[in-house]
Amino acid sequence: MRRRSFLAGVPAGFLSPLALVRAAAGAGPDMFAIERLQANWQSLLAPGADVATTTDQVRKTERAWRDQLGRRAYAVLFEEDTERPYSSALNDEKRQGVFVCAACSLPLFTSAMKFDSGTGWPSFFTTIPDHVATRTDYKLVWPRTEYHCVKCSGHQGHVFDDGPQPTGQRWCNNGLALRFIPTATA
């Protein structure tokens, strides 16, 4: 029996997204595990968590965003600034949970998608599907791929092709642009 056929028949609740990724350790998670991880991201969301449930656009005035976020987070999210490396506590966050946009609370990543890139910024090897949008950025002369939250258009960071396999992606995120919701409170 082929592995894919077997795993497709296993009930979704039996294999958690984190277990799927860990089961593929050594050579890194395979693409089937990544697809399952993306499809089952809600399993790491705390019961009753206050998150955005749709990707419908939200728009606020500059003043409203500034009042909600504060100067530094506003600069990162809506002026496309970058925080200093190693300045975010989220870089060292190891608990299970979900990372949401700091502006609109749309879930963008889970802890099972996170890895230590050694760059000083929270990094992820994949995203929650359809929750981020990309565009080309030429601010440093050569092109880079910048990504934003699809709900509020808040700048999150840049995606690079030097991440772990099988995606090979490193979604390098500003910690100020995220809020972490642990799966369970201690």
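Values for this structure:
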read-out: For P143, net neighbour charge (Lys/Arg +1, Asp/Glu -1) across residues whose Cβ lies under 14 Å away; value: 0
read-out: Farthest positive-ward along the stretch 74-186 dipole, Cα basis, beta-carbon charges - from G168, F109, F125; value: F109
read-out: DSSP-assigned coil residues among trypsin sites (Lys or Arg not before Pro) in the stretch 140-186, each with at most 10 further Cβ atoms within 10 Å; value: none
read-out: Within-12-Å neighbourhood charge of G163 [Cβ basis; K, R +1; D, E -1]; value: -1
read-out: Cleavage-rule hits, chymotrypsin sites (Phe, Trp or Tyr not before Pro), the stretch 50-90, DSSP coil, Cβ neighbours within 10 Å at most 15; value: Y86
read-out: Residues with amide H under 5 Å from that of G154, placed H, sequence gap 5 or more; value: C149
read-out: Translational diffusion of the stretch 47-182, µm² s⁻¹ [Kirkwood Rh, Cα pairs; Stokes-Einstein; 20 °C; 1.002 mPa s]; value: 143
read-out: Cα centroid separation, the stretch 124-154 to the stretch 100-123 (Å); value: 13
read-out: Cleavage-rule hits (chymotrypsin sites (Phe, Trp or Tyr not before Pro)) in the stretch 112-172: DSSP loop, at most 14 neighbouring Cβ within 10 angstrom; value: Y138
read-out: Full-extension gain in nm, S153 to T53, via 0.36 nm per residue minus C-alpha separation; value: 34.4 nm
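Taken together, the values in this text are just the output of simple stated rules run on the coordinates, not laboratory data. Note that the coordinates shown come from a computational prediction; the quantities given were computed from them, not determined experimentally. Neighbour counts are summed over all protein chains in view; Cβ atoms, including those assigned to glycine, are modelled from backbone coordinates with ideal geometry.
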